[in-house]
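The values are calculated or read from the model by the stated rules, or taken from the named source; none is laboratory data. All figures in this text were calculated on a predicted structure; none of them were measured in a lab. Don't worry about glycine lacking a Cβ; one is built from the backbone with ideal geometry, like all the others, and counts go over all protein chains shown.
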């Protein structure tokens, strides 16, 4: 008598994969309930204050009491305000210089720390320490060095440019801010570059070495092209972050000498307590729009980039 083999029972693990376009299972309402606290806090702490700030930028409010709507008066006044224009000029120039310094140094360090050297893992840990220290603490420490230690050293060796505090020099104070900001920002860019370099297959370098390519040639023709996406990401993210410079500038120069190193963020905050609340709200609105544009550029630059 012929017998037939019983078909093996199907389990959930062997279920066919979901076809493209197939209907997805509905999300249980419990998951949406977990979003409610975050949405409420975000609305109360971010959305509502932002809407109120934009609304008040069209008024003559000083931050409390009665106010009248003045239309675009605050925005028009910003165009010819030398304090506003100088703060934007300093902030943009500072951000451009700093982002170039940070990415150049971080890339060179990443190449060094991914090469065949001893204790490179320990060195990576050392180089990333500045990113975990508060910016205001870093600023106070370097402020003491620039105001006391470095001038004494300059006087001891008879080097006149260093004999006085760089923080009091209207032409050189911005360099100290670039140096300290870069010192803290290099580790984060360094980690991204290390991830990019380590993602390059070793066979590529081996093939180039067999063809007689020098270390410099491999760097220019292999490493740089293959980490170009990481370079773009670091440039965009760094520039956007440096536009918001505040704590290090406050700790080093407090915007001085005079207003030579006053950033846009410092100008906005000073207006909140100086009776220019609505005026600086207009400034903050413009600054917010600039940040939105940069965020859009950042999303386009990071879209499709893997390995980070």
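Details
- Here segment 83-130 is the region considered, the condition is being at pLDDT 80 or above and not in a helix (DSSP H, G or I), and the residue that is surrounded by the most Cβ atoms within 10 Å (Cβ to Cβ) is 114.
- Residues satisfying the stated conditions in segment 159-174, i.e. surrounded by 15 or more Cβ atoms within 10 Å (Cβ to Cβ) and assigned to a helix (DSSP H, G or I): 162, 166, 167, 173, 174
- Taken as a whole, segment 30-53 holds at least one residue that is under 23 Å from residue 287 (Cβ atoms) and either outside any helix (DSSP H, G or I) or in contact (Cβ under 8 Å) with a residue 60 or more places away in the chain (or both).
- Of the residues making up segment 185-218, those that are more than 20 Å from residue 231 (Cβ to Cβ) and either modelled with pLDDT of 90 or more or outside any helix (DSSP H, G or I) (or both) are 211, 212, 213, 214.
- Only a single criterion out of (1) closer than 30 Å to residue 56 by Cα; (2) surrounded by 13 or more Cβ atoms within 10 Å (Cβ to Cβ) is not satisfied by residue 293, namely (2).
- Qualifying residue in segment 222-234 (condition: surrounded by 13 or more Cβ atoms within 10 Å (Cβ to Cβ), under 18 Å from residue 131 (Cβ atoms) and at pLDDT below 90): yes
- Number of residues in segment 251-272 that are part of a helix (DSSP H, G or I) and either closer than 17 Å to residue 74 by Cβ or touching a helix residue (DSSP H, G or I) at 6+ places or on another chain (Cβ under 7 Å) (or both) equals 10.
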